[in-house]
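Quick notes on the structure that follows.
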Amino acid sequence: MNAVSNLRDHFPPDSPPGSVVSVANLIQMAAAYLPEQDLRHIKDAYRFSDAAHLGQFRATGEPYISHPIAVAEYCAYMKLDGQALQAALLHDVMEDSGATKEELIERFGVQVADLVDGLSKLDKIEFSSREEAQAENFRKMLLAMARDVRVILIKLADRLHNMKTLTVMAPAKKRRISRETLEIYAPIANRLGLNEIFRSLQELSFQHLNPMRYAVLQKAVVAARGNRREVVSKILEAAHLRLEERRIDAKVFGREKGLFGIYRKMLEKRLSFGQVLDIYGFRIVVKDVPTCYVTLGLLHELFRPVPGKFKDYIAIPKINGYQSLHTTLVGPFGTPVEFQIRTEEMHQIAENGVAAHWLYKEDGSRNMNDVQKVTHRWLQSLLDIQNQTGDSAEFLEHIKVDLFPDAVYVFTPKGKIMCMPRGATIIDFAYAVHTAVGNQCVAAKVNNITQPLRSELKNGDLVEVITAPHSCPNPSWLSFVRTGKARSEIRHFLKTMDVEETVELGRRLLNQALEPDGVSLGDLSTATWEKLVKDSRIKSAEELLAEIGSGRRVAPVVARRVLMALGVTDNTTLQGKARTPILIHGGEGLAVQRAQCCMPIPGDSIHAYLKKGAGLALHTTDCEIAKSAMAKEPERWTEVEWAEDITRVFDVNIDIDIKNERGSLTRVSAAISDEGANISNLSMNDDLGPQKLMHFTVQVSDRNQLAKVIKAVRRINLVNRVARVRNKIGKHYLR
């Protein structure tokens with residue numbers, strides 16, 4: 001059985017303690033594809049790094065310089081350019097020897113210095129916790145990667161060598177580094193199509209996280225290898241023979257499933273090792289795409305295909321550019337066997353991903369360019385997310401959700417294929433199409449059927465998003481969106497709108513407080529505003545208005561400052577003029593919220609409490625909780641009214657006491673729907689004997705529509721009572 005060349009076999013073994021470290025092998029590898037001038041620069045970088053790390057040793061006992069050399073050798077295996085090899089040799093000099101970026105720029109140039117800087121940790125900055133420091137290090141590395149993908153290629157080589165020499169570390173440190181590798185570095189390698197690095201990092205992480213399970217599985221696989229040698233040989237022989245008969249020039253490889261892949265399958269499907277049948281698989285490499293499909297047909301003639309186990313990643317590539325035909329066949333003795341069929345070009349991309357740009361850049365093929373474009377789009381999305389996310393931990397959270405390997409493929413109405421992570425929802429799809437589409441999404445159809453926005457997408461779904469110009473993201477979307485782009489865009493919109501809405505609310509509150517004195521904010525001069533801002537000890541007028549709108553300052557108090565700045569005294573105020581109530585439109589967002597204790601809707605008599613740091617809370621005037629709060633802080637209450645032009649709907653809770661008979665729920669739902677109200681939530685209590693208590697949340701435009709809904713429900717002869725649920729203190733019944 002032929003074996004595919006891989007990194008685990010190629011990567012140079014660790015030198016024994018005390019051995020002489022040499023750069024000769026690196027220079028020999030680089031000389032195979034780089035000009036003499038680059039080799040001189042690499043030697044210069046080696047000498048600089050060797051001097052910087054002089055006297056330093058790794059935990060294994062080797063001279064520290066052995067690590068940069070090993071990292072650079074792997075980069076040479078990927079045939080990265082001379083600048084990348086220099087950066088690999090220098091990647092720890094800023095961190096470990098105090099070398100400055102300016103020094104590196106002067107000696108090696110700006111690009112090499114930028115690469116090294118992107119690879120260096122932020123040890124000189126004080127962080128409140130190790131987790132915060134880790135998040136900031138990842139943020140810096142990923143942003144450097146977005147500017148130059150060589151950063152992550154070098155970093156992955158660095159991590160791979162560290163994982164191979166992790167044995168000497170303390171158990172707790174081994175577990176921490178291995179978990180970090182499994183959660184961050186391995187998924188990044190997979191996202192960039194670096195499959196060999198991806199599999200190697202998974203295997204090494206598994207080995208250090210679960211050493212006993214790793215050893216047991218390794219022993220079981222070795223035993224199974226001997227037991228199944230006859231099966232593997234028969235499959236290889238049959239495939240070779242059939243391809244030769246049809247004169248198809250092909251390379252056939254046998255491949256063994258990694259221990260981590262076997263372990264994960266055992267966990268996910270709750271299988272014993274003996275039940276995992278697809279330990280071995282086969283890969284066939286042919287000359288072109290048409291031959292891939294001909295080969296597939298020949299294999300299906302040779303062995304019976306397993307229904308539902310065929311995947312065409314040539315027609316629809318994976319998000320990281322991977323292309324192959326996958327089919328599972330029933331081999332000799334009933335053993336299921338997976339075949340992967342691809343061209344040589346696809347094989348190189350499958351093994352090296354975005355690194356194929358350096359390995360085979362003279363080829364200039366379309367597919368390799370496509371891989372670079374897909375990678376560039378993802379890297380650009382990192383910059384977009386960073387622009388909207390100031391917090392490092394939040395940035396890392398967004399990135400993590402995009403690093404899962406599974407994907408689903410869905411279609412736009414125009415037939416364009418969109419690749420989404422498994423578990424992605426309609427909202428994720430909308431933001432993947434365009435930020436504006438996501439922000440204005442109100443409904444969607446999946447396969448021409450209207451579906452909730454939180455619905456998860458499946459392979460082959462046709463998705464049509466319906467938008468409305470005045471719609472905006474709902475904070476509840478954050479509880480189910482899957483992609484980093486959707487999450488960051490929603491948060492960015494809510495933060496931006498929150499500030500704008502709070503400023504506007506503060507403006508309206510201050511104008512209302514000034515109105516009895518015949519003053520408007522529009523009358524204030526620039527000098528008056530500057531004096532007011534200075535006296536309030538803040539930075540700007542917008543900040544002052546935002547503090548009023550968020551409840552951190554009380555409008556009447558600020559109004560007195562305004563009057564003092566204008567020179568208006570108590571004797572000159574206009575007496576007896578009532579304040580104009582603030583109009584509530586229902587679309588103010590987070591700046592104006594309905595109190596959960598009474599949940600007012602248009603038509604209810606309302607007033608508002610200015611919550612400190614949380615804007616206005618609307619209460620009904622007969623709310624008992626509001627009355628108690630008003631007695632304690634009367635200065636925080638303000639007059640409000642519902643506007644006339646409200647177009648949105650509001651949630652209202654109602655309880656229905658009904659006879660427990662067949663069809664009762666259907667009749668109630670129909671009655672509510674006939675009055676134009678939507679049911680957003682439903683629960684029932686069945687422990688009342690012949691009676692049933694239904695709890696509905698319905699969406700209505702105002703009190704009049706609610707009254708019609710209740711009247712329609714009451715007409716059902718099975719209904720005993722209908723109640724609008726106001727709060728936990730009691731219920732208000734509409735007669």
Evaluation of residue 242 against (1) farther than 17 Å from residue 266 by Cα; (2) open to solvent by 30 Å² or more (accessible area, probe 1.4 Å); (3) out of contact with any helix residue (DSSP H, G or I) (no Cβ under 8 Å at 6 or more places or on another chain) (one fails), failing number: (3)
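Taking the range 304-316 only, how many residues are touching a residue at least 60 places away in the same chain (Cβ under 8 Å) and over 26 Å from residue 345 (Cβ atoms)? Before you say what the answer is, go through the steps one by one.
From the range 304-316, those touching a residue at least 60 places away in the same chain (Cβ under 8 Å) are 316; that's our starting set.
With over 26 Å from residue 345 (Cβ atoms) added as a condition, the list becomes none.
Here the count works out to 0.
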Pair list, Cβ < 7 Å and 6+ apart or interchain, from the range 653-679 residues that are in contact (Cβ under 8 Å) with a residue 24 or more places away in the chain to residues that are part of a helix (DSSP H, G or I) and charged (D, E, K, R): 675/708
The range 438-474: number of residues that are under 22 Å from residue 484 (Cα atoms), outside any loop (DSSP other than H, G, I, E, B) and among the polar types (S, T, N, Q): 2
Residues satisfying the stated conditions in the range 270-290, i.e. open to solvent by 20 Å² or more (accessible area, probe 1.4 Å) and modelled with pLDDT of 90 or more: 287, 288, 289, 290
Positions within the range 419-434 being of a type in the set (Val, Ile, Thr) and crowded, with 20+ Cβ neighbours inside 10 Å, in sequence order: 425, 426, 427
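Looking at the range 174-235, what helices (runs of 4 or more DSSP H) fall wholly within it and have at least 1 residues that are hydroxyl-bearing (Ser, Thr, Tyr) and at pLDDT 80 or above?
Of the helices (runs of 4 or more DSSP H) lying wholly inside the range 174-235, those with at least 1 residues that are hydroxyl-bearing (Ser, Thr, Tyr) and at pLDDT 80 or above span 195-209, 211-227.
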Condition broken by residue 247, with the remaining ones in (1) farther than 29 Å from residue 411 by Cβ; (2) surrounded by fewer than 16 Cβ atoms within 10 Å (Cβ to Cβ); (3) in contact (Cβ under 8 Å) with a residue 24 or more places away in the chain satisfied: (3)
Neighbours by Cβ (under 7 Å, 6+ apart or cross-chain): first from the range 602-627, open to solvent by 20 Å² or more (accessible area, probe 1.4 Å); second assigned to a helix (DSSP H, G or I) and modelled with pLDDT under 80: 609/636
Test: residue 143 is at pLDDT below 80, part of a helix (DSSP H, G or I), of a type outside the set (Lys, Arg) and closer than 30 Å to residue 348 by Cβ: yes
Selection from the range 190-212 of residues that are over 18 Å from residue 257 (Cα atoms) and aliphatic (A, V, I, L, M): 192, 209, 212
Condition broken by residue 680, with the remaining ones in (1) surrounded by 13 or more Cβ atoms within 10 Å (Cβ to Cβ); (2) in contact with a strand residue (DSSP E or B) (Cβ under 7 Å, 6 or more places away or on another chain) satisfied: (1)
Some residue of the range 100-113 being at pLDDT 85 or above, open to solvent by less than 10 Å² (accessible area, probe 1.4 Å) and in contact with a His (Cβ under 9 Å, 6 or more places away or on another chain): yes
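Identify all residues within the range 50-73 that are assigned to a helix (DSSP H, G or I) and among the hydrophobic types (A, V, I, L, M, F, W, C); write none if there are none. Before you say what the answer is, go through the steps one by one.
Pass one, the range 50-73, residues assigned to a helix (DSSP H, G or I): 50-52, 66-73.
Residues satisfying the conditions are 51, 52, 69, 70, 71, 72.
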Meets criteria (assigned to a helix (DSSP H, G or I), in contact (Cβ under 8 Å) with a residue 24 or more places away in the chain and open to solvent by 50 Å² or more (accessible area, probe 1.4 Å)) for residue 531: yes
Residues of the range 18-49 classified as open to solvent by 50 Å² or more (accessible area, probe 1.4 Å) and either in a loop (DSSP other than H, G, I, E, B) or of a type in the set (Asp, Glu) (or both), total: 7
Qualifying position, being of a type outside the set (S, T, N, Q) and touching a residue at least 60 places away in the same chain (Cβ under 8 Å), among 334, 281, 258, 254: 254
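The values are calculated or read from the model by the stated rules, or taken from the named source; none is laboratory data. Keep in mind that what you see is a predicted model, and the values were worked out from it rather than measured. Using ideal geometry, Cβ is built from the backbone for each residue, glycine included, and neighbour counts are taken over all protein chains shown. Only protein heavy atoms, including side chains, enter the accessible area calculation; ligands, DNA and RNA are left aside. Shrake-Rupley method; radii C 1.70, N 1.55, O 1.52, S 1.80 Å.
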